Amino acid sequence: MSRIHEALKKAAQERLSQAASGTVLDLEDVAAGAVSLPDVTRQVAEPAARNTSTSEDSSSLSFDDLLKRCAHPNWQLDLRMNVFLKGGDGRIAREQFRTLRSRLYQIAATRPLKRVLVTSSVPAEGKTTVAANLAHSIMRQPDRRVLLIDADLRSSRMHKLFGAPSSPGLTDYLRGEADKYSMIQNGLEGNLCFIPGGSAASNPSELLLSDRMKKLLDLVTPVFDWIILDSPPALTVHDPSILADLCDGVLFVVKAGETAHQLAEKASSEFLKKNLLGVVLNRAEKDASYGGYYSGQAGDDQEDTDRK
């Protein structure tokens, strides 16, 4: 826990004083300026095997069939939030997401890792944009199939980043008001699919605890290489803990210079027994104070394949 404490304390002390010089990424919500995965992973006890087995009817779901039958809205991606569409302005952020992607691949080579939950301690730390850009980073590699799920049923906003319909979505499916094909979207020429949050729900925790949520994840897990879920902040509601039990690992997002390290440490510690993969420092300055602990490529990182 000392490494997490050190990381979070430095994140809390970080200030964005050099924003004008370009050393801090100029995004409204997030540019993942620092990534810490392997050191944290070694501190976490080997988790119990997650249930990612195939459900009874998953054999009837193939990726090609899914693409033919799912919704195909005309997405209008928010260029401010997608670092892979920002040109030169997003170069540093793109490299950091590639680093994050590489670290996840390294962990996946040693244990089952398909379902990844992205959360934070409090709102406005950039977890939603981190989740979206991580999904884009993976999707840009050849033959990588990614499903992005907006599981923040209390304040879903992922659809705004995609310029996508918000419903039918996860809440509608969990209530039995929509089927899997109508809620899953594919709006690009690529292997990225998206499930929006859906219509408003008065009982989000109960919906996430339902057997229908588990069956959905069991159904789509064999079809995709990665499933990334965005959740509510961990200190406000119990939903992230519920979702963590359904996932293979948790990424914890901390906004450098703003999040009190005591809050972040308290929230992240709740996931140590739920396979905390590591901490992503959002908007952190890449300088000597962080050193190799946060930055630097880990292993060979494939070059992205351009997709139009």
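The values are calculated or read from the model by the stated rules, or taken from the named source; none is laboratory data. Since the structure is predicted, the reported quantities are computational estimates derived from the model, not experimental observations. Here the Cβ positions follow ideal geometry from the backbone for every residue, glycine too, while neighbour counts run over all protein chains shown. Ligands, DNA and RNA are stripped out before the accessible areas are found, and what is left, the full protein with its side chains, is counted by its heavy atoms. Shrake-Rupley method; radii C 1.70, N 1.55, O 1.52, S 1.80 Å.
Each residue in segment 182-197 was checked for being at pLDDT below 95 and open to solvent by less than 50 Å² (accessible area, probe 1.4 Å), and 3 pass. Checked against (1) modelled with pLDDT under 95; (2) of a type outside the set (Asp, Glu); (3) closer than 25 Å to Leu235 by Cα; (4) touching a strand residue (DSSP E or B) at 6+ places or on another chain (Cβ under 9 Å), Ile149 meets all criteria but (1). Grab the helices (runs of 4 or more DSSP H) fully contained in segment 55-156, keeping just those with 2 or more residues being within 13 Å of the chain's Cα centre (by Cα). By residue number, 91-108, 127-139.
Taken over segment 174-197, the residue count meeting the criterion of being touching a Lys or Arg at 6+ places or on another chain (Cβ under 6 Å), in a loop (DSSP other than H, G, I, E, B) and either under 13 Å from Asp150 (Cβ atoms) or among the small types (Gly, Ala, Ser) (or both) is 1. Taken over segment 168-178, the criterion of being buried (at least 19 other Cβ atoms within 10 Å of the Cβ) and over 15 Å from Pro232 (Cα atoms) is satisfied by Pro168, Gly169, Asp172, Tyr173, Leu174, Ala178. Can you confirm whether segment 235-250 contains a residue that is closer than 16 Å to Val130 by Cβ, touching a strand residue (DSSP E or B) at 6+ places or on another chain (Cβ under 7 Å), modelled with pLDDT of 95 or more and part of a helix (DSSP H, G or I)? Yes, some residue in segment 235-250 is closer than 16 Å to Val130 by Cβ, touching a strand residue (DSSP E or B) at 6+ places or on another chain (Cβ under 7 Å), modelled with pLDDT of 95 or more and part of a helix (DSSP H, G or I). Is segment 255-272 home to any residue that is within 19 Å of Ser156 (Cβ to Cβ), surrounded by fewer than 23 Cβ atoms within 10 Å (Cβ to Cβ) and within 20 Å of the chain's Cα centre (by Cα)? Checked against the condition, which is being within 19 Å of Ser156 (Cβ to Cβ), surrounded by fewer than 23 Cβ atoms within 10 Å (Cβ to Cβ) and within 20 Å of the chain's Cα centre (by Cα), segment 255-272 yields no hits at all. Across segment 142-163, the number of residues qualifying as out of contact with any helix residue (DSSP H, G or I) (no Cβ under 8 Å at 6 or more places or on another chain) and more than 17 Å from Leu243 (Cα to Cα) comes to 5.
Which one of Ala164, Ala200 is more than 21 Å from Leu113 (Cβ to Cβ), open to solvent by 30 Å² or more (accessible area, probe 1.4 Å), assigned to a loop (DSSP other than H, G, I, E, B) and of a type in the set (A, V, I, L, M)? Please lay out each step first, then the result.
Details: Ala164 fails: open to solvent by 30 Å² or more (accessible area, probe 1.4 Å).
One residue alone meets the criteria, Ala200.
Listed by first and then second residue, the pairs with beta-carbon distance under 8 Å, at least 6 apart or on different chains, first residue in segment 147-159 and more than 17 Å from Pro73 (Cα to Cα) and of a type in the set (A, V, I, L, M, F, W, C), second open to solvent by 10 Å² or more (accessible area, probe 1.4 Å) and assigned to a loop (DSSP other than H, G, I, E, B), are Leu153/Gly198; Leu153/Ala201.
Only one of the numbered conditions (1) open to solvent by 30 Å² or more (accessible area, probe 1.4 Å); (2) polar (S, T, N, Q); (3) touching a Leu at 6+ places or on another chain (Cβ under 9 Å) is not met by Gln76, and that is (3). Screening segment 117-153 for residues that are in contact with an Asp or Glu (Cβ under 7 Å, 6 or more places away or on another chain) and more than 18 Å from Ile184 (Cβ to Cβ) and picking the one that is surrounded by the most Cβ atoms within 10 Å (Cβ to Cβ) gives Lys127.
When restricted to residues that are of a type outside the set (Asp, Glu), in contact with an Asp or Glu (Cβ under 9 Å, 6 or more places away or on another chain) and not in a strand (DSSP E or B), segment 262-287 contains 5.
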